[in-house]
Amino acid sequence: MFLMTGAMLPVAPAPVAAEVAAVRAYEIAAQPLAGALVRFSEVTGRQVVADGELLRGRSTAGLAGRYTDDMALARLLAGTGLTWRFSGEAVIIQPAPETGDARQLQPLVVTSAIPATDKPYETAAPVAHISGETIQRFRGSSPADIFRGVPGVMSGEARNGAGSVDVNIRGMQGMGRVATTIDGAENLVTVYQGYQGASNRTFVDPDLLAEVDITKGSDVSSFGTAGTVAMRTLSARDIVQEGEDFGVRLKGGFGTNTSSPKAGDTSGYAWPSNSPAAPTASPTGLDRPGWAEPTSGSGSAVAAYRDADIDLLAAYAYRKQGNYHAGSHGPAATVTNLGPGEYCTSWGSCAQVDARYQNDGIANYRAGEEVLNTELETSSWLGKAGLRFGDGHAVQLGYTKFRSEAGDRIASRLTGENSQAVQLGQTAGTWLDTGTFNYRWKPEGEPLIDLKANLYWSHLELRNPLRTGWQLPKPGDFRAGSDTDMWGAEITNISRVATGFGDTTFTYGLSYRGEDTRPSDGTREAETWLDYRDAKREEAAGFVKAAWEATDWLTVNGGLRYMHFRTQDRNDPYLERGYDYDTRFSDGGFSPSLGVTVEPFDGTQLYVNYSNVMRAPSLIETASAFTMGVNPDVTPERSRNWELGVNQRLRGVIDPADDAMVKLSYFNWDVTDYIAREWYHNTEQNYWSMHIYNLDRAKFEGLEISGRYRQGGFTAEFAANYYLNVEFCRTSGSCIDKSLYGDYATNHVPPEYSADLTLSQLLFDDMLTLGGRVSHIGPRAIGHGDVTAQGASQFISQVNWKPYTLVDLFADIEINENLTTSLSVMNLTDRYYIDPLGLVNQPGPGRTLYASATLRF
């Protein structure tokens, strides 16, 4: 974004140049000329420069249809006595020759388009953006890989998530703390992982994603208390090229470093149970393909139509990959003979033996070994239809269909460095269907109306390999699981009010969501001692927030949200025990927020934000299942969040033509009544079970920084975060910098620090892009609490990792205006590592080559 200085502008007729010959769809209503030029800038992305006095009192008849930029300007300015000229990408408005009014103009920037990748550096809040280019460039083997490089944001269960994401923001994860949507719709489901906890899964196909916007922390307009992740799938504007009304994108590619699964294969070593005997190496898993040998494939096809009134899009994507292989350099499984000494069994008996053995690796997988149950096969369909009609009205219908078969090992079977994985004969199946309806009304020149309304419905069926019990008369391929329906609605409006005391923007609305989950047919009989959840939950909220621009350097923000929820548990786990059981929860409360933004210099923003936000217990925390009862005394969490930040944009740092931007944030989150889990003894009724309860609090404090530097075709991007403090407090006087032994948060604890650096360079008239990324992950931020007298075992094992560094390389080649090829190497140094935030002890993928070709026309 740049600002022209005043100058004597020559009066000349507007040229018709090749750079303005592209045909675009316009719909600009009759209105004051200044508003019409704002709309012209929004459509074209061009900067419009004019003298405010020159535009005063002038109106336009508007236009609708497809025009080149100069044709559109000719119609907009017809009869106004004004003309224009192009200066690069900018449009300069000036008097027409017959007025004789060649005078010194005091330019006014009406508006300019800010790239979505730059918006976080001009937003006074902890936000981030992941572009479609970044998603496709670093697609990786799992959807979780798209979040690498975003400070303070990671995805749990990166390698055992069955093609899903489980977003962690600043140490907070699961139970609805992070609101994750695709085109405004949710499909979150919780998958039981034995005593090791639960996976909170949102299913998405990155091959059809256009972009991701992330807000860290609460926003009164969102259900998320730790943050919001809004994913947008492809739309017609992403496919149809400038000047066209129809477009097609075909993409195909392959990957390496995978092997076809074989049921019954084992990993690493078989470690004798309660015996000092030497472990036995698995005879399978080390037949790794060549590093450039294609072993997996993907393809997608997208077609779209777009004109002034209609958007249509249809897309299909398919991907199949086998089990990946671990890296060959790092702390892989190795057997060490410790020599003679005392050996003690898990039962407590000890004896002197001649030899003792231990695994010096961090997982029971050898260097370069096939990592079992990591295969994935997905098919996705996407359809959208949009209609724009009179006075700023627009509607869009959307439908997505996602099908996957994925390796999915219950986490409690693989929690230590001696646990041996076994390749299952069954995969986990996912069937997801989602429908969306979006409406918008934004009349031209009406500052009080910018109305959006959204509806969605998602139906999700999960089928897992049998995890316990025995199989009753069912087909041999029977899988247990759950069926879940999710639905929601939201209506919001933005009103902009200009006063003599500064402009104020009001955003207000209502939102509602519901979910209904139950066991699939036959599951209760097959999983004999596991109670799947059978419950329904609804949540509704109303909110209002305002931004008052008191001066050109001071903005004050405030917001208020009221939320109410209710849950009904259709299970009664104590029916046969004769205990009373309350199956309903209901509660509500207010969540206020306040913030101040100061802009003392051009390009500098300083902001401080505070929120006090309530999170109601999720369905997982208020319905019985999986040997866990319900605690009627559980109360909502309340997060008191402070955010201090600075945005800085600079030009001419090293070279007059360069551009730099930095975002630095400090956060301090104090979550009182933090909802956790423990092994619990009900002394009144004398039984033991897992138990949801409230801790006194949990605390998360840290620093984040991100930045970008551009000079010509060179770009450097940096992101890092550091946790100053993470602690959990059972009571107000018992805070420790350790996770608690029975709580889900054991494996939600993030790395103490992480850093990413991405470099890229355009070459040969921008036809070639070369670049790379270096990512470093530090140690776990805090330790893990000891087993207490409340239980006999740890229940949730800490899945630890050692610090590691990954190096990725990429190259994009534009063969011609229609064909682009891409090549990337992930984990170039073939590092052996374990991802943070996982529930299973297994390494990530080793060196993997990806190649693809994209055809557009």
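The values are calculated or read from the model by the stated rules, or taken from the named source; none is laboratory data. Since this is a predicted model, take the numbers as computed values, not measurements. All Cβ positions, glycine included, derive from the backbone under ideal geometry; neighbour counts span all protein chains shown.
Quick check on my filter: what residues within region 795-844 are more than 16 Å from GLY330 (Cα to Cα), modelled with pLDDT under 95 and under 23 Å from the mean Cα position of the chain (by Cα)?
VAL799, LEU837, GLY838, LEU839, VAL840
Go through region 51-79 and report how many residues are among the hydroxyl-bearing types (Ser, Thr, Tyr), crowded, with 18+ Cβ neighbours inside 10 Å and free of Cβ contacts under 8 Å to residues at least 40 places away in the same chain.
Going through region 51-79 one residue at a time, the tally reaches 1.
Can you give me the ranges of the strands (runs of 3 or more DSSP E) entirely in region 650-724 with at least 2 residues that are under 24 Å from the mean Cα position of the chain (by Cα), modelled with pLDDT of 95 or more and within 16 Å of VAL150 (Cβ to Cβ)?
659-672, 697-711
Would a scan of region 328-342 turn up a residue that is in the same structural domain as GLY416 (by TED's automatic domain parsing) and touching a Cys at 6+ places or on another chain (Cβ under 9 Å)?
Looking through region 328-342, at least one residue is in the same structural domain as GLY416 (by TED's automatic domain parsing) and touching a Cys at 6+ places or on another chain (Cβ under 9 Å).
Would you confirm, using the coordinates I've provided, whether ALA185 is among the small types (Gly, Ala, Ser) and closer than 26 Å to SER665 by Cβ?
Judged against the criteria, ALA185 is not a match.
Kindly provide the set of residues from region 261-291 that are within 30 Å of LEU828 (Cα to Cα), small (Gly, Ala, Ser) and surrounded by 11 or more Cβ atoms within 10 Å (Cβ to Cβ), ordered by number.
Once the filter is applied, which keeps residues that are within 30 Å of LEU828 (Cα to Cα), small (Gly, Ala, Ser) and surrounded by 11 or more Cβ atoms within 10 Å (Cβ to Cβ), region 261-291 yields SER267, GLY268, ALA281, SER282, GLY285.
So ASP521 ticks every box in (1) closer than 19 Å to ASP219 by Cα; (2) surrounded by fewer than 16 Cβ atoms within 10 Å (Cβ to Cβ); (3) not β-branched (Val, Ile, Thr) but one. Which box is left unticked?
Result: ASP521 passes all but (1).
Does region 100-109 contain any residue that is in contact with a Ser or Thr (Cβ under 8 Å, 6 or more places away or on another chain) and at pLDDT 80 or above?
No, region 100-109 has no match at all.
Pairs, please: C-beta under 7 Å, at least 6 apart or cross-chain, first residue closer than 12 Å to TYR744 by Cα and in region 668-694, second of a type in the set (Lys, Arg) and surrounded by 16 or more Cβ atoms within 10 Å (Cβ to Cβ)?
So the pair list comes out as TYR674/ARG697; MET690/ARG677; HIS691/ARG677; ILE692/ARG677.
Condition check: modelled with pLDDT of 95 or more and either touching a strand residue (DSSP E or B) at 6+ places or on another chain (Cβ under 6 Å) or assigned by TED's automatic domain parsing to the domain that holds SER260 (or both). Does ALA355 satisfy that?
So ALA355 does not fit the description; no.
With ALA355, ALA363, ALA385, ALA394 as the choices, which residue is within 29 Å of PRO465 (Cβ to Cβ) and either of a type in the set (A, V, I, L, M) or buried (at least 17 other Cβ atoms within 10 Å of the Cβ) (or both)?
It is ALA363.
Cβ-Cβ distance below 8 Å, separation of 6 or more or different chains: which pairs start in region 80-101 with a residue that is within 19 Å of GLU53 (Cβ to Cβ) and of a type in the set (A, V, I, L, M) and end on one that is modelled with pLDDT under 70 and part of a strand (DSSP E or B)?
ILE92/PRO107
Among the numbered criteria (1) out of contact with any Phe, Trp or Tyr (no Cβ under 7 Å at 6 or more places or on another chain); (2) at pLDDT below 95, which one does VAL178 miss?
Just one mismatch for VAL178, condition (2).
Could you list, in sequence order, all residues of region 316-360 that are aromatic (Phe, Trp, Tyr) and without any contact (Cβ under 8 Å) to a residue 12 or more places away in the chain?
Passing the criteria: none in range.
Just checking, which of THR528, THR555 is of a type outside the set (D, E, K, R), part of a loop (DSSP other than H, G, I, E, B) and either modelled with pLDDT of 95 or more or over 23 Å from ASN631 (Cα atoms) (or both)?
After ruling out the rest, the residue left standing is THR528.
Take the residues in region 490-510 that are surrounded by 15 or more Cβ atoms within 10 Å (Cβ to Cβ) and under 10 Å from TRP548 (Cβ atoms); name whichever of them is modelled with the lowest pLDDT.
Filtering region 490-510 for residues that are surrounded by 15 or more Cβ atoms within 10 Å (Cβ to Cβ) and under 10 Å from TRP548 (Cβ atoms), the one modelled with the lowest pLDDT comes out as GLY502.
Give the number of residues within region 322-338 that are closer than 17 Å to ALA421 by Cα, surrounded by fewer than 22 Cβ atoms within 10 Å (Cβ to Cβ) and touching a Lys or Arg at 6+ places or on another chain (Cβ under 9 Å).
The number of residues fulfilling the criteria is 1.
As an exercise: evaluate ASP587 against (1) surrounded by 19 or more Cβ atoms within 10 Å (Cβ to Cβ); (2) out of contact with any Asp or Glu (no Cβ under 7 Å at 6 or more places or on another chain); (3) part of a strand (DSSP E or B); (4) modelled with pLDDT of 90 or more and give the number of the one condition it does not meet.
Result: ASP587 passes all but (1).
Quick one: which residue in ASN418, ASN438 is buried (at least 18 other Cβ atoms within 10 Å of the Cβ), touching a strand residue (DSSP E or B) at 6+ places or on another chain (Cβ under 8 Å) and at pLDDT 95 or above?
Only one candidate passes the filter, namely ASN438.
With the requirement that a residue be buried (at least 21 other Cβ atoms within 10 Å of the Cβ), part of a loop (DSSP other than H, G, I, E, B) and not aromatic (Phe, Trp, Tyr), what does region 728-747 give you?
Once the filter is applied, which keeps residues that are buried (at least 21 other Cβ atoms within 10 Å of the Cβ), part of a loop (DSSP other than H, G, I, E, B) and not aromatic (Phe, Trp, Tyr), region 728-747 yields LEU740, GLY742, ASP743.
Look at LYS251 and say whether it is within 22 Å of VAL825 (Cβ to Cβ), in contact (Cβ under 8 Å) with a residue 24 or more places away in the chain, buried (at least 19 other Cβ atoms within 10 Å of the Cβ) and of a type outside the set (Gly, Ala, Ser).
Here the answer is yes, as LYS251 does meet what is asked.
Cβ-Cβ below 6 Å, separation at least six or inter-chain, first residue in region 432-449 and hydroxyl-bearing (Ser, Thr, Tyr), second surrounded by fewer than 16 Cβ atoms within 10 Å (Cβ to Cβ): which pairs?
TYR439/VAL395
Can you tell me which condition GLN196 does not meet? The list is (1) crowded, with 21+ Cβ neighbours inside 10 Å; (2) closer than 30 Å to GLY559 by Cα, and all the others hold.
Of the numbered conditions (1) crowded, with 21+ Cβ neighbours inside 10 Å; (2) closer than 30 Å to GLY559 by Cα, the odd one out for GLN196 is (2).
Against the condition surrounded by 15 or more Cβ atoms within 10 Å (Cβ to Cβ), modelled with pLDDT of 80 or more and among the basic types (Lys, Arg), how does ARG24 come out, does it pass?
When the stated conditions are applied, ARG24 does not pass them.
Which condition number does PRO32 fail, the rest of (1) buried (at least 18 other Cβ atoms within 10 Å of the Cβ); (2) over 25 Å from LEU387 (Cβ atoms); (3) in contact with a strand residue (DSSP E or B) (Cβ under 6 Å, 6 or more places away or on another chain) being met?
Failed condition: (1).
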